[in-house]
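Shown next, in structure tokens, is the structure this report addresses.
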């Protein structure tokens, strides 16, 4: 099996017969922008993790041509993606749509962020500074001063220790 | 609040289980998006005679195999005799889909490596290949009597795949009324 | 003979690693210091043996000994000698040897630099690192021996993967691995802390420089990798969110979080168990990266040839090493003294807490995105892909606040900062940042898109706020700043430079994908690009079609660039060498597509504004790390004997009592 895929990979680079350069011609600027965005979001099926925009494989060139034709025919991005999903499966989409299969993917990081922030907030509240006029503030000022001047800090720390 | 210290461990267990499962899978082999869906329509000239056309109609009424091949595909050479063996053992006709090839090359290839196909449709542009979700060559589709795709093999058919999957599936489809 | 010597050296290295790990642990458990003393010489021995093995493999490459399977598979007599040397780590077996040699080098560095450490600490650290070495050495000897012979030897070797025949390859993997492996030191210190029960400021002061060193290597490695991909892959991209790239990015994110949380633990004596967990996680993610690259569970451009047996072993190693550590963690971490000191939102520790949250969640997002295809497959949700569009969308909201925080880094004081201090110091950088944010995109790439404006504003905010601090500190007096401060400032400036680069390069560059015949020209970003023609050139092991393009601005010739397509003799693979006109404010990037009929070529031309800023930012950050590392506070107490080691002080975990910083 690996040899087969290696072979295909070889094909990716070798037998680029179709005219990749010709596909994007005679498109308007807006269409061209859509073309570039769309081809960057579609996976080249036989390459090792490349988009069809980036691949020299013949199939990728065919798919680029297909995307160009469909854009020129006035199809929407959504329609073009659906067209390819119908044939190749959700695998072709680098930008998986939000649905029952991907809600965890899309929401997971943000749920984690909310949990983490909630824990941190809880921690901060528990450790509310005791008094703005008491020692903590003095120490904060001290730290600010000491941060700039390590030597002074050493001396201060020595004094600190004597005091204790 | 001591119990949170076990959370990292739990995450690890989940991760290892998932990765272990991943090891049992071949990430590059994809199931066809067309499984249990009607075979996409096509109307293509045959290799033997460019004026004669073969259409999806050819898939109706009997169980058949569709084998995507090309003369430039090295893996197809070894597969050719295996495809012949399958037809021989099951009596199922194989329709060849000659994918992005040149006619003379394809014809010569058939004389050199044998012709297991009942008919060869020529898809010179690869347009039908896209409709069938073909990513690479060879690929083999099992189509039932109603013209519905029931199984797909990506890459050259191995001995094991032939004996354990393809032939049983074909026989089962044939015996179903 | 020499390959057998290398093989023997590997076996001896395994023996040494066993001694390095088991004896000190026994000594520690039985309270017999004499056994702990063995750790240092064993580490030295292990390093020497791995050095011999490495040299043996390099020699086999140098003399083209194709009876060694690994050499025959990855080299060729036509390959220039420096690529033959780079080929030592060009595939699975050799890169594993590089990994282990570097691990042993870090062990040796611990031996050399930690003479002032209490013996039980240094020998425990070495023992843990030794255990990791044992795991990898057994793996190598059992499944991936680079010295396996074949008879008869083929007369010629297969070639090195052409993708890897680039100067970038020679430096990128060793740097990256130094970073990966370097986190094993912080990891070993974390395990030691769990065993000894001590996480005090002395512990953090030992751990910090090691973490920083590993981070610097990783930063350089990732930056080099990005630069290499830009030059070699031919698509004008600098980051592809490929699983293998993600595998190096996750430890980087967590390592960055670790550097910052170590600072809090050292200064304030809080977050101990969190810091220890981060140290374990950073190394665990390094191991995960190793697994992802070598097991074949994910499809990647850069993955090594895959073998499920190897995958199973590395997964076992990962589960064993990390599982054991987390078990130890769950058992011992609750004993760490939790600081009773208050944490204010407006304080440096509050800021760093937020920093840690965003960095770790960002790392989790990369992890989720990278592994989600496996999860979805496992849950029966079908095969799907997660690619750059996902990562870009999710990453932006997670990292933009992070850059906002960077700006407050210098101003925020420990413990508590009054809001008025913040506003009085930061209003000027903030206003300037907004001005730059609007102005820079408008006057350079001519856009006022929200992403570009916000990105430039954030980036320049990080830079300007860092400079504000330096200016304020040095104003009116000739004060010598500690290198740690300069290093931090430089690293944060690096972040800003990077962010500006990222926000301007993507989306506003423009690209053209056209068919050109010699003599034709096109205009992109104010440059006129003329295709002069193609000539054939013979390389050492390839034939190249080299194009010549002339770049003009008005009538002035700016430069001539030479993109090429190389067909390598042995593999028949075709590689694209892009032609790049490099400039501080943007590149013009040309790559050749296919040869079409009647002398025409399909050509891709990209305008990549500010792309250099991305790598400049990376290198600035690494330089900052290096400067911080050279701060004498890490080195000056070398002469003194180690910290007073009384358990009472350790239990309190206080930082302030020590006359440090």
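Derivation of every value follows stated rules applied to the coordinates shown; laboratory data play no part. Bear in mind the structure is a predicted one, so any value in this text is a computation, not a measurement. Note that we place each Cβ from the backbone using ideal geometry, even for glycine, and neighbour counts take in every protein chain shown.
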Folded to 0 to 90 degrees: helix B:103-113 orientation relative to chain B principal axis, Cα: 80
19 Å tail of the calculated P(r), region C:227-384, as % of Cα pairs: 64
Reduced Cα scattering model of region B:1-112, Debye log10 I(q)/I(0), q = 0.10, 0.15 Å⁻¹: -0.50, -0.84
On Cα atoms only, tilt of B:7-23 relative to the major axis of chain B in degrees: 20
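Just want to confirm a number: the relative contact order over chain C, from Cα pairs under 8 angstrom separated by 6+ residues, in percent.
Reported as a whole number, the value is 12 percent.
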Whole-angstrom gap from region C:341-362 to region B:1-76, using each part's C-alpha centre: 47
Counting DSSP beta bridges with both ends in region B:33-175, the antiparallel % (nearest 5): 60
Alpha carbon centroid spacing (whole Å) that separates region C:551-570 from region C:574-594: 8
At R0 = 35 Å, FRET efficiency that the Cβ-Cβ distance of residue A:103 and residue C:449 yields, to 0.05: 0.75
For chain B, calculated [θ]222 nm from helices alone, where every DSSP H run of n ≥ 4 adds -39500 (n - 2.57): -10500 deg cm²/dmol
Rg ratio (alpha-carbon, reference 2.2 N^0.38 Å) - chain C: 1.02
Centre separation in Å (Cα based) which lies between region B:115-156 and region C:456-523: 53
Dimensions (Å) - region C:1-127, Cα atoms, principal axes, largest first: 57, 24, 19
Å³ per residue enclosed by the Cα convex hull of the protein assembly as shown: 187
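Work out the mean other chain Cβ neighbour count within 10 Å for the residues of A:96-106 and drop it here as an integer. Before the final figure, lay out the partial values.
Values: counts 10, 1, 0, 2, 1, 7, 6, 0, 6, 13, 6.
Across A:96-106, the average partner-chain Cβ count within 10 Å equals 5.
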GNM flexibility winner over chain B from B:35, B:19, B:44 (Cα, springs under 10 Å): B:19
Relative contact order (%) - criterion: Cα under 8 Å, at least six apart; region: region C:32-146: 35
Unit Cα scatterers, Debye sum, region B:33-175: log10 I(q)/I(0) for q = 0.17 Å⁻¹: -0.88
Relative contact order (%) - region B:33-175, alpha-carbon pairs under 8 angstrom, separation at least six: 34
Residue-averaged [θ]222 nm for chain C, counting only DSSP H segments that reach four residues, each worth -39500 (n - 2.57): -21500 deg cm²/dmol
